[in-house]
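Data block below; observations after.
The values are calculated or read from the model by the stated rules, or taken from the named source; none is laboratory data. Here the structure is a predicted model, which means the values were calculated and not measured. Every residue, glycine as well, gets a Cβ built from its backbone with ideal geometry; the counts of neighbours run over all protein chains shown.
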Amino acid sequence: MARVTGDALTLCGVCNRRHTNLTRLLGASAPDAWLAVSEGERLEAELTPDVCILPDNGVIRHFIRGHLQLPVDDPAITPFVWSIWVEVDEESMRLIARHWSDPNRAATRPLDGQLSNELPYPEPTKGLAVEVHTRDMGQAPLIMLARGSRHALAVEQREGITAHRVAELGELLQR
Ligand SMILES: [Zn+2]
């Protein structure tokens, strides 16, 4: 797991201390399906920091890594970033590949996909419908959950989280 840390600027409204060494970005190095396929399939697969092409029981699956951002109520540590994987169809992957080195690639239309990592939320996150928004070169695409979704992760993306919650997420992932 990739990890980036930072210190909160202000006292926490929940526990009245200043959180330091907070995790600002947490990343999965591969889609969960990577661990589920056979050793032989992994040998046939392609995994880079940004893209995963994975044979799985006779079908080829396509994944792209993106950033799912949660706004934080502290300016020093916003946003919190889940650096995670999204499954897209073959046509979308072709479109992404074709525009990868295009200086105007941020103009690519948003692509539909499904979250492909389980995150520490009460309800499953794997399989959640998302939109992938390509950004300028050097920036991972943005992952947006459906506006109407009532999933806790979607609510956090919409409404933001506290520095205290950022501290909690960091602890959850250390277990
Ligand atoms: Zn706190």
Hits in the stretch 113-128 (condition: in contact with a Ser or Thr (Cβ under 9 Å, 6 or more places away or on another chain) and loosely packed, with under 13 Cβ neighbours inside 10 Å): 127
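Given the criteria assigned to a helix (DSSP H, G or I), within 28 Å of residue 16 (Cα to Cα) and of a type in the set (A, V, I, L, M, F, W, C), does residue 119 qualify?
Values: assigned to a helix (DSSP H, G or I): no; within 28 Å of residue 16 (Cα to Cα): yes; of a type in the set (A, V, I, L, M, F, W, C): yes.
So residue 119 does not fit the description; no.
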Single match in 59, 72 (criterion: among the hydrophobic types (A, V, I, L, M, F, W, C) and under 23 Å from residue 127 (Cβ atoms)): 59
Qualifying residue in the stretch 96-104 (condition: more than 16 Å from the ligand (Cβ to nearest atom) and buried (at least 17 other Cβ atoms within 10 Å of the Cβ)): yes
Residue list for the stretch 10-33, restricted to those being within 13 Å of the ligand (Cβ to nearest atom) and either within 29 Å of residue 61 (Cβ to Cβ) or in contact (Cβ under 8 Å) with a residue 60 or more places away in the chain (or both): 10, 12, 13, 14, 15, 19, 22
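Check every one of the helices (runs of 4 or more DSSP H) wholly within the stretch 1-116 and list those with 1 or more residues that are among the basic types (Lys, Arg).
Values: elements: 32-36, 39-44, 90-99.
Filter on the stretch 1-116 gives 39-44, 90-99.
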Positions within the stretch 129-175 being acidic (Asp, Glu), at pLDDT 95 or above and surrounded by fewer than 14 Cβ atoms within 10 Å (Cβ to Cβ), in sequence order: 159
